[in-house]
Amino acid sequence: MKKSRSFLWLFSTLIFIVSCKKEETKSTTAVPVESEMLQPPIPEADIVLDHYMISPTKDTVIYHKSGSVISIPKEAFLDENGAVISSPIDLKFRMFSNPLDIYLAGIPMNFTNENGEELVFESAGMFEINASNNGKAVQVNPNNKIKVDAVSFSEDAKFNRYDLDPKTNTWRELGKDEIKTATKKEELERLPVAPIPPKEAGKFAFQVTDNLNENDKLKAYKNVWFEPIDGKQCGFSFTKDILVNDLKNGTYEVTFVPWGEIPDTAKTTCTCYLSFKDKVKYSKALSTYKKKYAGLISKIENERKRIDNAWANYNRKAKEYNLFMQRKEIEELTGSKKIMRTLEVNQFGVVNLDYPHSYPKGAKLEGSFVDENGKVLDLRQVVLVEMGVNALYRYTKTIHFNPESQNVLWGLTADNKLAYFTVTDFKALKARTGNMVFKMRVHPDELKTYDDIMNVLFKS
């Protein structure tokens, strides 16, 4: 899918300024951003906007590669005059899960509160959603809102929902999202179930008859063979009664009630498939089954593949996220818990699930930069990541960090090379205040992909 920069004009320089005034309620607090445009630092590595052509006249569900789910009701889009759109919509979506995602998209996460304190957003997940019709931007229908189940790696309820308003260039706080969790097993159990196919009778297959001819309750099963699903012998050769219960899922519960001195409580029950002794009849029944349920079986298989792929992607991003966290917060693969944060789309653009907090404390250095040979570097897009916090701290000269934490600092040289200061480099620093010349490692190649940058900064 091709990349899109259609929304990048919304982003400003690095620093948010204090809101002119608060709204009447906290849920509508607006945090202004400066009007100067911000471009992604490495355009080739920008996070891709995935495109979907959809019909707005019917309900649509999009399963994004991130694992997020976009539920779009019919008549969800309005044109510039407020009329419902019925022609095809080009919908675009992308997720930002970790500090590197945020960095490569060029999203500003700094702002100043009403007390003049510079704060930074810590994220529990962020996405951008846009839509157009015949090349023109469209509006959200407030009566038929789109719902997004956004993947997250935090269940913490401290995060609030913020929208970036494209008209005013402000972050607007809009209350809370809904947090849900699920396991892969739970998702698979919600799949539709196809009837069990015909079975070929095995050595423990049996028939049931009423030899005493007392009633006709077993007449329907006169020519039927029952095959125990556990592959074990079931029942008695001579019984007082036999009960057959259709479980309505392709299986039957057969209960044998014994004679004699054995009490009725000593019943033997087994669950069975219907089966065939005659191979010709079996082949015919199987062919009929496949024709009848081909569509349902195909749907189930496709849904199973979609779930498998979604979990593979989620676990891959969870491992990446954990590289930033440096803790065993994310469970591994099979049986792991998936976290989803659900909200409605009020307007197209960027939606952020964030918690504002202060810059790291403990060390404050006035920084300048050189390479490993002592050559002065004029770095741009200088940022710091503190392991354990899903946030991105942007700096120009003054570098704040917590010396008790693991930190990574990086920026771009004049010729777009990645210059970085590692966790090990930070541990070797003795100074906590004053001037500091940071000797940066400079990658010899110009890195242009997410994976290459991730490997250098966090996997090496």
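Side notes on the structure shown:
- In region 195-234, the residues that are in contact with a Ser or Thr (Cβ under 8 Å, 6 or more places away or on another chain) and either at pLDDT below 80 or over 13 Å from Val254 (Cβ atoms) (or both): Ile196, Pro198, Lys199, Glu200, Ala201, Gly202, Lys222
- Residue among Phe77, Phe111 that is out of contact with any helix residue (DSSP H, G or I) (no Cβ under 8 Å at 6 or more places or on another chain) and closer than 24 Å to Leu384 by Cβ: Phe111
- Scope region 148-178; condition surrounded by fewer than 16 Cβ atoms within 10 Å (Cβ to Cβ) and under 17 Å from the mean Cα position of the chain (by Cα); matching residues: Glu155, Asp156, Glu178
- Within region 101-116, the residues that satisfy the criterion of being among the β-branched types (Val, Ile, Thr) and not in a loop (DSSP other than H, G, I, E, B) are Ile102, Thr112.
- Residue in region 205-212 that is in the same structural domain as Trp259 (by TED's automatic domain parsing), surrounded by fewer than 14 Cβ atoms within 10 Å (Cβ to Cβ) and either among the basic types (Lys, Arg) or in contact with a Gly (Cβ under 8 Å, 6 or more places away or on another chain) (or both) present: no
- Selection within region 415-432 - aliphatic (A, V, I, L, M) and farther than 15 Å from Leu384 by Cβ: Ala428, Ala431
- Looking at region 390-444, the strands (runs of 3 or more DSSP E) lying wholly inside it that each contain 2 or more residues that are under 19 Å from Asn455 (Cα atoms) and within 34 Å of the chain's Cα centre (by Cα) sit at 407-412, 418-421.
The values are calculated or read from the model by the stated rules, or taken from the named source; none is laboratory data. Predicted model, so just to flag it, every value in this text is computed and none were measured. FYI the Cβ positions are ideal-geometry reconstructions off the backbone, even for glycines, and counts take in every protein chain you see.
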